[in-house]
Structures are given as structure tokens and as C-alpha cells.
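K.L.:
There's a structure below that I have some questions on.
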């Protein structure tokens, strides 16, 4: 193998692969990134046997070949290169010789023969989604994903495929997040999609593959992400990057009954103001449950964020929010409530509730009409006194 590519492209490909590399694995080759020439370019691949990623970049190929290189070493080396010069790679036996400007290195590799093959999709894509829409969906429901593997299905994001919409949902039993994306905003393989949803209403996607996808997608540049689902695996393709992961086996819990159809009380106010008040109250909250009290006074047209502890003292913040409905007083875990407010994109936020013991919803506000939007709902369970 002998080739020349740009520093920028190589750094980006290494960035796309390095996080997937297995940590402290008994198989040394899983600590490596596979470098291989392919169809006039250089492809880098990594896997931890649950999740695989490949990233292809343009390169001037002088000689074909492949080798696996320790991810930690090549990442640290490339990150410390200065300037936008080209970089040359040459494989000599199992050593990769690297040269860029005045920098030279020889990195010992492992033969690529034992590197696990990444699964290849056998069918056309099912969905073609804007990267910006997909990032929004991931970020909205991410806070509610469970990290306790006692219930494996809760460690993923539930993707529900409907005729008119895709629904992304996550819950850890203490809070629930649901984001809806209309099918009209997505390019679908119509015939294949219809056949698929007749047999599969939903799939559970591991959190780590969506977290990696969110990491490699540019935050403000719109691209297309093609999604293929087959044989208990899911494939994502975008801009020379491919990710493949196993789906989580199991049945996702029915959560619709948790979400109230109507709410008696609604408050609407500035998101930043409410965030600051909750953060301040959390400083004075007691115990490991981060307890704070939301007191809504319909008579005074005010809300109060209250907290106290024997160790820190007490705190009270008074806010002039728009209030519809009767007075309420509810105790929350401050972190759980704040996690939902943090992902609200609008400048104003709506809190909807029925009683001190029933689920409370956090929703966004349409900036032009002032209406409460229903495409995203974050549900948090109050702490019952």
C-alpha cells in the first residue's frame, strides 16, 4: 500500500472511526483501525463487534494494500500535525510509514487478515432523511435513554414506523421523550416501506450507534442519511461514512397510556429564565433525589420554584409566567425536569400538568403563533410526597 491524501481528510476519517474501537479488548486487533485501499480511495474501518463504522476519503493510490493500525497511536499522531499539508502513507511489511511536511513516523501494525468483516447490506435503503432532522430527533429523546442494562430494551431508542410519521421514543421509567417526524418530510422507498411496516411496527436502535451518528454528522450542514433495516441489523450511510449495528432484541414497553390526553394547567414562559431558576433551586435541594417544588398560583398569576435542605439552607424564585388553569404544587427531581427543558429549541417553553401525582409534560412553543407544539413531548414523573 502506498498513497497520498490530505491531512484534513485523514483526520476526519480517523475521528469517525476511533470512538468505535473497543477499549481493553482481549482481541488486540479490535483496538486497531483497518486501513485499506478501495476503488481509488482510502477506507478506514473500526468495529467493537456490536457497532461497525467505515469512512472513505479521496486519495492518490500508487499501490494497493491494507493493514490495521492502533487507533490510539494514529489518532494522537494525526491530531498533532500542523498545517494543511498532504500526508503520504506507505506499507512496508507490517509497518506503516507516514510522512507529512517535516513529520515522519513508523507505526507497527497487525495484518488485516484477522480483522472482522463489517456486515454489508443486501437491499436498497428504506428511508432517506435529512441529517438535520435526524440530529434533532436523536438529541430530543437522548436524555430519556436508560443506561442501566437490567432492561436491555430501554438502553435503545424505539423507532416506530407509521404510514404518516416516524416516532422516536425513549424512556428510563422516570421520564419519557417522544419526537414525531412526518413521512412527508422524508424520502421513503414506498413499496419497500409499506411491506416493512406490515411486518415490523418498530425496531429498537442501540443508543451508542445513534450517539456516534450524531457525533459524525455536521451540526449545521444538511446532508442526506440513508437508512436500511434488515436481518436484525440497521445501516446508516452518509457522505462516505457507513455505520452498521445490531438491533436490540426485545419488546419496547407500551408507553402511550403514560401520556395524558389533556392537561388542566399550563404555564408558558422564557426557557432561559426557567432553566436558571431550576439550576439555582437545585443548589439548595435535599438528598440524592434533587427535590425542588414547582408552585403555580393562578390567583397571583405567578409561579414559584422552591427548595430547601438542612445542609444548604433554602431558596425561592418568583416568576411571572402565563398561567392557564387551576393552581398546582408539584415536586420534581430537578435534573430530570432540566434535561427536558434543555432540549427545547424555542425561546419559550410550556409545562403542562394535571396534579401532584400525574405525569407532567414539557413542550415547545411556536415562535410566531404562540401555540404549544405537539411534535415533541418530554414527560417527567413527579416525586410523590
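The values are calculated or read from the model by the stated rules, or taken from the named source; none is laboratory data. As the structure is a computational prediction, the values presented were derived from the model and not from experiment. Note that each Cβ is placed from the backbone with ideal geometry, even for glycine, and that neighbours are counted across all protein chains shown.
K.L.:
Can you pull out the residues in segment 64-90 that are in a strand (DSSP E or B) and farther than 25 Å from residue 19 by Cβ?
P.N.:
Scanning segment 64-90 gives 86, 88, 90.
K.L.:
Please state which one of 122, 164 is modelled with pLDDT under 95, surrounded by fewer than 14 Cβ atoms within 10 Å (Cβ to Cβ), in the same structural domain as residue 206 (by TED's automatic domain parsing) and closer than 30 Å to residue 199 by Cβ.
P.N.:
Working: 122 fails: in the same structural domain as residue 206 (by TED's automatic domain parsing).
It is 164.
K.L.:
Would you say residue 356 is under 18 Å from residue 262 (Cα atoms), touching a strand residue (DSSP E or B) at 6+ places or on another chain (Cβ under 9 Å), in the same structural domain as residue 285 (by TED's automatic domain parsing) and not in a strand (DSSP E or B)?
P.N.:
yes
K.L.:
Within segment 245-274, can you find the residues that are farther than 25 Å from residue 355 by Cβ and either within 20 Å of the chain's Cα centre (by Cα) or not in a helix (DSSP H, G or I) (or both)?
P.N.:
245, 246, 247, 248, 249, 250, 251, 252, 270
K.L.:
Across segment 356-368, what is the total count of residues that are closer than 19 Å to residue 265 by Cα and free of Cβ contacts under 8 Å to residues at least 40 places away in the same chain?
P.N.:
Counting residues in segment 356-368 that are closer than 19 Å to residue 265 by Cα and free of Cβ contacts under 8 Å to residues at least 40 places away in the same chain gives 7.
K.L.:
Against the condition touching a residue at least 12 places away in the same chain (Cβ under 8 Å), surrounded by 20 or more Cβ atoms within 10 Å (Cβ to Cβ) and touching a helix residue (DSSP H, G or I) at 6+ places or on another chain (Cβ under 7 Å), how does residue 353 come out, does it pass?
P.N.:
Considered against the rule, which asks whether it is touching a residue at least 12 places away in the same chain (Cβ under 8 Å), surrounded by 20 or more Cβ atoms within 10 Å (Cβ to Cβ) and touching a helix residue (DSSP H, G or I) at 6+ places or on another chain (Cβ under 7 Å), residue 353 comes out as no.
K.L.:
Restrict the check to segment 13-21 and report whether at least one residue is surrounded by 17 or more Cβ atoms within 10 Å (Cβ to Cβ), assigned to a loop (DSSP other than H, G, I, E, B), more than 24 Å from the chain's Cα centre (by Cα) and not assigned by TED's automatic domain parsing to the domain that holds residue 218.
P.N.:
No, because not a single residue in segment 13-21 is surrounded by 17 or more Cβ atoms within 10 Å (Cβ to Cβ), assigned to a loop (DSSP other than H, G, I, E, B), more than 24 Å from the chain's Cα centre (by Cα) and not assigned by TED's automatic domain parsing to the domain that holds residue 218.
K.L.:
Just name the residue that is surrounded by the most Cβ atoms within 10 Å (Cβ to Cβ) out of those in segment 275-321 that are in a loop (DSSP other than H, G, I, E, B) and within 32 Å of the chain's Cα centre (by Cα).
P.N.:
To start, the set of residues in segment 275-321 that are in a loop (DSSP other than H, G, I, E, B) comprises 284-285, 287-290, 298-301, 310-312, 320-321.
Adding the requirement that they be within 32 Å of the chain's Cα centre (by Cα) leaves 284-285, 287-290, 321.
Numbers: 284: 18, 285: 23, 287: 9, 288: 7, 289: 14, 290: 19, 321: 19.
Checked segment 275-321; the qualifying residue surrounded by the most Cβ atoms within 10 Å (Cβ to Cβ) is 285.
K.L.:
Yes or no: residue 110 in contact (Cβ under 8 Å) with a residue 24 or more places away in the chain, over 24 Å from residue 232 (Cα atoms) and not assigned by TED's automatic domain parsing to the domain that holds residue 214? Before the answer, list the steps.
P.N.:
Values: in contact (Cβ under 8 Å) with a residue 24 or more places away in the chain: yes; over 24 Å from residue 232 (Cα atoms): yes; not assigned by TED's automatic domain parsing to the domain that holds residue 214: yes.
Here the answer is yes, as residue 110 does meet what is asked.
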